[in-house]
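Working notes for the structure below.
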Amino acid sequence: MKRGVYILPNSLTLCGMFFGFYSIISSLKGNFVYAGWAIMIANIFDGLDGWTARITNSTSRFGIELDSLSDMVAFGVAPAVMIFSWSLAPFGRIGWAAAFLYASCGALRLARYNVQMVSTESKHFTGMPIPGAATILATYVIFYHDIWKGAPGKSVFVLVLTVVLAVFMISTLRFHGAKEINLKTRQPFFFLVLLIVLLSVIVMHPPITLFALAIIYLMVGIVENLYLFTKRKKGQHQAGAQ
C-alpha cells in the first residue's frame, strides 16, 4: 500500500462494483430488468479487470482482495436481492433462506477461489464461478420479462434454480471460464470467426441469446462432470478387476 496501487485494473473492478450496487437499488425499486442488465455489465468489467491486470502485469494482492469484494456485491448480494424481490418473497422464510443460501455460498466460493487460485483454480474452476451463477439468474430475469412481460410471482422453478446454483458454487464440479484463453499467444483463425458469429447472434436478440448461452454453459458443465464421473468409476472398476 505504501508503494501505491494500480489504477487501471482497480478502477475497472470498482466499475463492476458500482453496477452491482446499481442492480441492488434497481431491485429495491422494482426495476428488475435494469437490475439484470446491471449484473451483466458488471460481468464485463469483472472480465476486463482480470485481463488488464494480467496483460499489463499489474496483478497485486490488493487487487485480488478488491476483486473478491466487488464480486460479492455484484454477483453475490445483487442477484440474491434481485431474485428474492422478483420471485422468492411470496415464499416467506423459505424464499429469503434460499436467497441467503445463494449469497453465502457465493461468499464461500470466492473465499475458496482466493485460497486455491495458485493450484487447482489456475487450470479450471472448482465449482461454478459466481459470475456464471449470477449470469444465469440475471439473464433469466431479462428473458422472462421479454417473453411474458411481467414477474412470475411465486415460482417453484426460480426457487429450485437458486438453490441448485448455490450448491453448484460450493461443489467440487469442474467448470471452465474465459481465464483459460491466453490472449498473449496466437490462436487459431477459427476462434476469431466464432467470436464474430457469437456477437452477431447476440445482437439479433440479446435477451433470448444470452439466456440460451447461460443455460448451455450450465448444461455443458453438468454433462462434462457426468462424463468425468463415469470415466472415473469405470477406471476404478477396471483397477479393482485387475
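Name, by its number, the condition in (1) farther than 19 Å from P129 by Cβ; (2) surrounded by fewer than 21 Cβ atoms within 10 Å (Cβ to Cβ) that does not hold for T52.
For T52, the exception is condition (1).
List the residue pairs whose Cβ atoms are under 6 Å apart, where the first residue sits in segment 28-42 and is part of a helix (DSSP H, G or I), the second is surrounded by fewer than 24 Cβ atoms within 10 Å (Cβ to Cβ) and of a type in the set (S, T, Y), and the two are 6 or more positions apart or on different chains.
From segment 28-42, the pairs are Y34/S26; A35/S26; A38/Y22.
Filter segment 124-142 for residues that are modelled with pLDDT under 95 and among the aromatic types (F, W, Y) and give the result.
F125
Could you identify the single residue in M219, M204 that is exposed (fewer than 11 other Cβ atoms within 10 Å of the Cβ), within 18 Å of Y140 (Cα to Cα) and either among the acidic types (D, E) or modelled with pLDDT of 90 or more (or both)?
Numbers: M204 fails: either among the acidic types (D, E) or modelled with pLDDT of 90 or more (or both).
Criteria check complete, one pass: M219.
Condition check ((1) touching a strand residue (DSSP E or B) at 6+ places or on another chain (Cβ under 9 Å); (2) of a type in the set (A, V, I, L, M); (3) more than 20 Å from G177 (Cα to Cα)) across all residues:
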| site | (1), (2), (3) |
| --- | --- |
| S26 | no, no, yes |
| F32 | no, no, yes |
| G36 | no, no, yes |
| A42 | no, yes, no |
| D46 | no, no, no |
| D49 | no, no, no |
| T52 | no, no, no |
| I55 | no, yes, no |
| F62 | no, no, yes |
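For segment 58-173, which fully contained helices (runs of 4 or more DSSP H) count at least 3 residues that are in contact with a Leu (Cβ under 9 Å, 6 or more places away or on another chain) and within 24 Å of F32 (Cβ to Cβ)? Give the derivation first.
Numbers: elements: 61-71, 78-83, 93-116, 130-148, 156-170.
It comes to 78-83, 93-116, 130-148, 156-170.
Filter segment 44-71 for residues that are out of contact with any helix residue (DSSP H, G or I) (no Cβ under 7 Å at 6 or more places or on another chain) and among the acidic types (D, E) and give the result.
E65
Take E121 and tell me if it is buried (at least 18 other Cβ atoms within 10 Å of the Cβ), at pLDDT below 85 and charged (D, E, K, R).
Values: buried (at least 18 other Cβ atoms within 10 Å of the Cβ): yes; at pLDDT below 85: yes; charged (D, E, K, R): yes.
For E121, the condition - buried (at least 18 other Cβ atoms within 10 Å of the Cβ), at pLDDT below 85 and charged (D, E, K, R) - is met.
The values are calculated or read from the model by the stated rules, or taken from the named source; none is laboratory data. Note that this is a predicted model, so its numbers are computed, not measured. For neighbour counting, all protein chains shown are included, and Cβ atoms are generated from backbone atoms with ideal geometry for every residue, glycine included.
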